[in-house]
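Remarks on the structure that follows.
The values are calculated or read from the model by the stated rules, or taken from the named source; none is laboratory data. Note that this is a predicted model, so its numbers are computed, not measured. Cβ: placed from backbone, ideal geometry, glycine included. Neighbour counts: every protein chain shown.
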Protein chains: 2
Amino acid sequence: MGNIYSTNYFVPFYHSDLKGDMAASAILNVALQVSGEQSAHLGRSEEWVMENYHYSWIVTEYEIDIKRLPKFLEEIVIETEAINYNKFFCYRDFRYKSKEGELLVNIHSTWVLMDSVSRKAGRVEEEIVKPYESEKINKIKRGHVFSKLENAKVKKYQIRYSDIDLNMHVNNSKYYEWAINPLGFDFLTHHRPKKIYIKYNHEILPGEQISSSVMLRDKISHHLINDNDAQIEIEWEKI
Amino acid sequence: MGNIYSTNYFVPFYHSDLKGDMAASAILNVALQVSGEQSAHLGRSEEWVMENYHYSWIVTEYEIDIKRLPKFLEEIVIETEAINYNKFFCYRDFRYKSKEGELLVNIHSTWVLMDSVSRKAGRVEEEIVKPYESEKINKIKRGHVFSKLENAKVKKYQIRYSDIDLNMHVNNSKYYEWAINPLGFDFLTHHRPKKIYIKYNHEILPGEQISSSVMLRDKISHHLINDNDAQIEIEWEKI
């Protein structure tokens, strides 16, 4: 187990969806921000990693358990902890808690260090991860196995300039927005996500259009972004 | 002149564009949040206004002067002040400043109180605005006069679920994103906005598609969202 970094957070208007819940995409954005804060705090800022190794941190997988979504204007506590790592992958948890300490959202995430030149995963160097005091393991964890989509509904979306982040590719929170949208406004206003799996297979660079495919079966929606750029599975509960 | 409310702010990853600038749409989102904080602080929260008058605050116009955009991870100070008001309109300024007090972004904004039933502008009641200590004026300020578009380039965008906010309409920062996007990735990576005018004529409700029209002339881009739902004008500088 590693160092735990913790921060207080108020859920602002721009991170709330129309139901007054903190949007799942905002939960991912804030998680990235909080892990970046921990890294800077430990002398391993994005800039340090880039200058010394030409690497950027990239999330490849998320597993998100939602007991209750934080609410608009709720004051919450966000904890993050680098759990362990092997030659290529680092595993990091996030815990969104109420002010009273109740666990609201639990996130397991898998990270790689992307080489900024080759845009491929680089080796996890001891010097980069040492300050987090996470455990070195040999095992490469198996991720979630996603179902194949059949008779999927497909929608096309224009990539917006604002979808591209500082890493010069589509921000990882945008895949989730594209994924859920074809479920339709009525479904989304009457359901909440309980469990989310996301696997990013290929980064999406600035361009014109992406396709978002969805198959909904028994309160579980299965998603593909483009042919196989990202796979997403969401378990929903009716409100 | 009214009460000044001030808050410190770090520009996070999710509010930065690919150039490392704070995105103009994020500046608008954070401004809304900060004015909401002032209102709550003065006992006039969104909930109070809704419960007592069935009103929501809606921005109808922005005039934004940008001396320098705040940078990713920069610590800035954001001030807001309700300047004055008449029967239907309230005028509020925002000032984004560097830690050293240098004015980076100055915003004049015009607000109405939207009746949640009729979805039309309601009368500004003394009880609502008194705590801000802004000046009552009779004059209705004239807004910016926008040019007519000729030979505009038009793009269609799908409205995403995440574009809709707690007021059950498209969030006002999204219009700007739709507007700039047809200028193209290459233009947007090599230009920065210096001056922005936005006028919201009609709210956009959840639906399928919007159109974004643009005419670019001498470093000034002129925009329409749908036929006339919003007008935007942006003066750009080359980087």
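Overview of results
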quantity	calculated
Residue under evaluation A:Gln231, criteria (1) under 18 Å from A:Leu28 (Cβ atoms); (2) modelled with pLDDT under 95, criterion not met	(2)
Subset of the range B:117-175 that is in a helix (DSSP H, G or I) and under 19 Å from the mean Cα position of the chain (by Cα) - its residue that is farthest from B:Tyr85 (Cα to Cα)	B:Ser162
Residue selected from the range B:138-157 under the condition of a type in the set (S, T, N, Q) and exposed (fewer than 10 other Cβ atoms within 10 Å of the Cβ), by the criterion nearest to the other protein chains (Cβ to nearest Cβ)	B:Asn151
The range A:227-239, subset in a loop (DSSP other than H, G, I, E, B) and touching a residue at least 24 places away in the same chain (Cβ under 8 Å), residue surrounded by the fewest Cβ atoms within 10 Å (Cβ to Cβ)	A:Ile239
Residue in the range A:81-97 that is small (Gly, Ala, Ser), under 25 Å from A:Lys130 (Cα atoms) and modelled with pLDDT of 95 or more present	yes
Within the range A:194-226, tally of residues that are closer than 15 Å to A:Val170 by Cβ and not in a strand (DSSP E or B)	9
Positions within the range B:158-189 being among the aliphatic types (A, V, I, L, M) and within 7 Å of another protein chain (Cβ to nearest Cβ), in sequence order	B:Ile164, B:Leu166, B:Met168, B:Ile180, B:Leu188
Pairs where the first residue, in the range A:4-30, is free of Cβ contacts under 8 Å to residues at least 24 places away in the same chain and the second is among the acidic types (Asp, Glu), C-beta under 7 Å, 6+ apart	A:Ala23/A:Asp17
